[in-house]
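Below is one structure, written out as structure tokens; comments come after it.
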Amino acid sequence: MPLEIERKFLVKSQDYKLLAIPIMYSQGYLAILPDREVRVRKAGNRNFITIKIKINDTSRHEFEYPVPAEDADFMLQNLCVGPVVEKLRYRIPQRDLFWEVDEFTGANAGLVIAEIELPDSDYTFEKPGWVGEEVTGDDRYLNAALALNPYKNWQNEAK
């Protein structure tokens, strides 16, 4: 069964911008439940539908399938719960892994998150200097949560 093991961090400088060319992502959620979500995503010229099922703070089962652009457009425009999440994604290699830095736009502008997907939960990795505080266990930083409660609404909360 496909498994995603991922850690999330806030980003403390813009040095990541020198390391990759970003791709525009638009993603919306067809269903958001406490332990699972169904999302449609446009990533550049690729389109996917993804089902994620939470196991714990770092691990989820993930099933992802390509969909035609017309289907993805229709779902994003007509079927999503909450607004569509938009971001620029920078994919940065580090040895045998990749950092994915998401620079959010729209209602989540100002938020920049770095994620690293690991082969197992005990895997040791290096944090680049532009990677800051870990937010893996803070569900506010999940993309599905950002669709329901965008970063711009956090003004009265501690960020």
| remark: Cβ density ranking, 10 Å radius, fewest first, applied to Y16, Y151 yields Y151, Y16
| request: Starting from the Cα of W154, step 7 Å toward the Cβ, then list every residue of region 87-126 with an amide N under 12 Å from that point. | output: 104, 108-114
| query | When the dipole is taken about the Cα centre of the chain, and only Lys, Arg (+1) and Asp, Glu (-1) are charged at their Cβ, what size is it in debye, to the nearest 20? | reply | 400 debye
| query | How far apart, in nm, are two points set 7 Å out from the Cα along the Cα-to-Cβ line at K12 and at D96? | reply | 2.9 nm
| request: Can you put Y29, Y90 in order of Cβ neighbours within 10 angstrom, beginning with the fewest? | output: Y90, Y29
| field | Anisotropy class of the chain from Cα gyration tensor, a/c 1.5 cut | value | rounded
| task | Have a look at A107, Y90, L76 and report the one farthest towards the positive end of the charge dipole of region 10-130, computed about the Cα centre with Cβ charges (Lys/Arg +1, Asp/Glu -1). | result | A107
| message | Contact order normalised by length for the chain, with contacts defined as Cα pairs under 8 Å and 6 or more residues apart; what percent is it? | response | 30 percent
| For a paramagnetic label modelled at 7 Å from the Cα of E133 toward its Cβ, which residues of region 89-121 fall within the zone defined by backbone nitrogen distances under 18 Å? | 102, 104, 109-115
| If you rank Y25, Y65 by fewest surrounding Cβ atoms within 10 Å, what's the result? | Y65, Y25
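Read the figures in this text as sums done on the coordinates, not as results from a lab. For clarity, every value in this text was computed on a predicted model and none was experimentally measured. When we count neighbours, we look across all protein chains shown, and the Cβ atoms used for this are built from the backbone with ideal geometry, even at glycine.
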